[in-house]
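The values are calculated or read from the model by the stated rules, or taken from the named source; none is laboratory data. These numbers come from a predicted model, not from an experiment. Cβ atoms come from the backbone with ideal geometry, glycine included; neighbour counts cover every protein chain shown.
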């Protein structure tokens, strides 16, 4: 599965043309994703035939306040009415533990809609403890993770280690932030078959001056689709 980050309808259309399976819709501010205006959600949902998941986050940091939480609930209701398939969010406590209370409260508000725990997961104090808590949350079907806050460059080995030690984690993990083509065969071998692509499918890797490039997405589509055959050939040669 390939999920592509879109900031507007043009991004979403190019992602679909390139072979993406799902759209992650958000605004981008100071290196972090934010919730978008309902009008943008409406335009993207109408522009593509793909499932659209939208970010639920209004401010920087890992926590949320009571007033802000109420605004998130209102946005979630609006987004659902506009036809989104699900959501992406995640919150930590001040001690960098998974904030079960906030996450559960938001899950109750979105009902049966599926959701992804966003990359806040990688900022938790202990990844294994975070996983044990996150896996209990209802409706969760994915975690955006690179194995470390700074991305795949520092977290790749830890991500592979967690995936190999726990197939359930591998099945729910969505490789994100810094994934490179050479990572894909190793991710697949560890059981991680889903990718979350952001700046890597934008010319120059910029969020402000380039749109999603359908050709870049198509290259990742081919890479991911060809990976099982490549692994089979490698296994055959080894045998």
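Would you confirm, using the coordinates I've provided, whether residue 73 is within 15 Å of residue 115 (Cβ to Cβ) and assigned to a helix (DSSP H, G or I)?
Yes.
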Identify the single condition in (1) part of a loop (DSSP other than H, G, I, E, B); (2) touching a residue at least 60 places away in the same chain (Cβ under 8 Å); (3) crowded, with 22+ Cβ neighbours inside 10 Å that residue 193 does not satisfy, given that it satisfies every other one.
(3)
Please state which of the following conditions residue 67 fails to meet, knowing it meets all the rest: (1) part of a loop (DSSP other than H, G, I, E, B); (2) over 24 Å from residue 210 (Cα atoms).
(1)
Kindly check whether there is at least one residue in region 53-67 that is closer than 16 Å to residue 217 by Cβ, within 19 Å of the chain's Cα centre (by Cα) and at pLDDT 95 or above.
no
What are the residue pairs meeting all of these: first residue in region 134-147, first residue farther than 18 Å from residue 176 by Cα, second residue crowded, with 17+ Cβ neighbours inside 10 Å, Cβ atoms under 7 Å, and 6 or more apart or on different chains?
137/103; 137/107; 138/107; 139/107; 139/115
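Would you confirm, using the coordinates I've provided, whether residue 113 is in contact with a helix residue (DSSP H, G or I) (Cβ under 7 Å, 6 or more places away or on another chain), outside any helix (DSSP H, G or I) and either modelled with pLDDT of 95 or more or farther than 27 Å from residue 132 by Cβ (or both)?
yes
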State all residues of region 28-40 that are outside any strand (DSSP E or B) and either touching a helix residue (DSSP H, G or I) at 6+ places or on another chain (Cβ under 8 Å) or surrounded by 17 or more Cβ atoms within 10 Å (Cβ to Cβ) (or both); if no residue qualifies, say none.
35, 36, 38, 40
Members of region 41-56 found to be in contact with a helix residue (DSSP H, G or I) (Cβ under 8 Å, 6 or more places away or on another chain) and crowded, with 16+ Cβ neighbours inside 10 Å, listed by number:
41, 42, 43, 44, 45, 47, 48, 50, 52, 54, 56
Name every residue in region 156-180 that is surrounded by fewer than 16 Cβ atoms within 10 Å (Cβ to Cβ) and either at pLDDT below 95 or not in a helix (DSSP H, G or I) (or both), in order of residue number.
180
